[in-house]
Amino acid sequence: MHNPRHVCKNCGTSAAGNFCPQCGQSYHEGRIDAHYFLHDIPHSIFHVDKGFFYTFRSLFTRPGQMIKDYLDGKRVKYFRPFGYVVIMSTICALLVKLISAGIVNTYVTYHPGYVAGERAGFFNHYFSVFVFLMIPFASGITWLFMRRGKYNYWEHFLINTYIAAQLNIMQVLVYLVGWMIMLVTHHFGNIDIGTYIPYFMTAFLFIYGSVFGYLMKDAYKTGWLVFRLIIMNTALFFLYFIAFQLTGTMKPW
């Protein structure tokens, strides 16, 4: 019986069977669609794949290339998107709690007798949930403005899932800035709509611009791509700005 040969999307090795003998990736990696995410959710929860730290580093040093590799089927060395965003959200949520406690303890050393009040609002406690819930809305905007590219909505959903994981790190950095302000001024930092939003959104829009600028560089001429990125990022800015206001996720303390 003839056993057909396949070409591995990850390393290019041609062989028969279901898995590449060179890198171990399945020969049946297809495009990203709804079925992919239905399979990925339970897989990400119940399995721990290799490549977490490599994915973490790649999303900082070459985010566009890393995500393009994954979309093109070169996936064996990267951590799956849902698993990655769940782990990053958990880690960052714990770091935010620790830093927040440090901020309050620092304040108490300078103002004995101070009793910290309970922060109101579900999303102030669970910012990672807020970021996660924004993925489908952000995906709709990126897909709408970058339709000439070869990626469907679910591939945009995957792109935004990886970006959402990185946005949790931005929240950690916001709290670190607040702690540094506390150490210098001995008062809670005035990080609100005037400073928190520009700080967070500048990093946020840089990530989106660098990722989609790389992914769409062959779909649009440079000037037209830059224009579309500016309009897309403006729409994303207002989407998150309105969401921050509606959910009360505007001030970290």
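The values are calculated or read from the model by the stated rules, or taken from the named source; none is laboratory data. Computed from a prediction, not measured in an experiment: that's the story for all the values here. Backbone-built Cβ (ideal geometry, glycine too); neighbour counts: all protein chains shown. Only protein heavy atoms, including side chains, enter the accessible area calculation; ligands, DNA and RNA are left aside. Shrake-Rupley method; radii C 1.70, N 1.55, O 1.52, S 1.80 Å.
Extension gain for S210-A34 works out to 60.8 nm (0.36 nm per residue, less the C-alpha to C-alpha distance). The stretch between L133 and F19, if pulled fully straight at 0.36 nm per residue, gains 37.6 nm over its current Cα-Cα span.
Within the full protein context, the accessible area of M146 is estimated at about 0 Å² for a probe radius of 1.4 Å. Suppose R0 equals 30 Å. What FRET efficiency, 1/(1 + (r/R0)^6) with r the Cβ-Cβ distance, do L183 and A203 give to the nearest 0.05? That gives a FRET efficiency of 0.85. Close amide H partners of F19, meaning residues 5 or more places away or on another chain with modelled amide H under 5 Å apart, are Y27. Counting Lys +1, Arg +1, Asp -1, Glu -1, what net charge surrounds W224 among other residues with beta carbon under 15 Å of its beta carbon? In short, +4.
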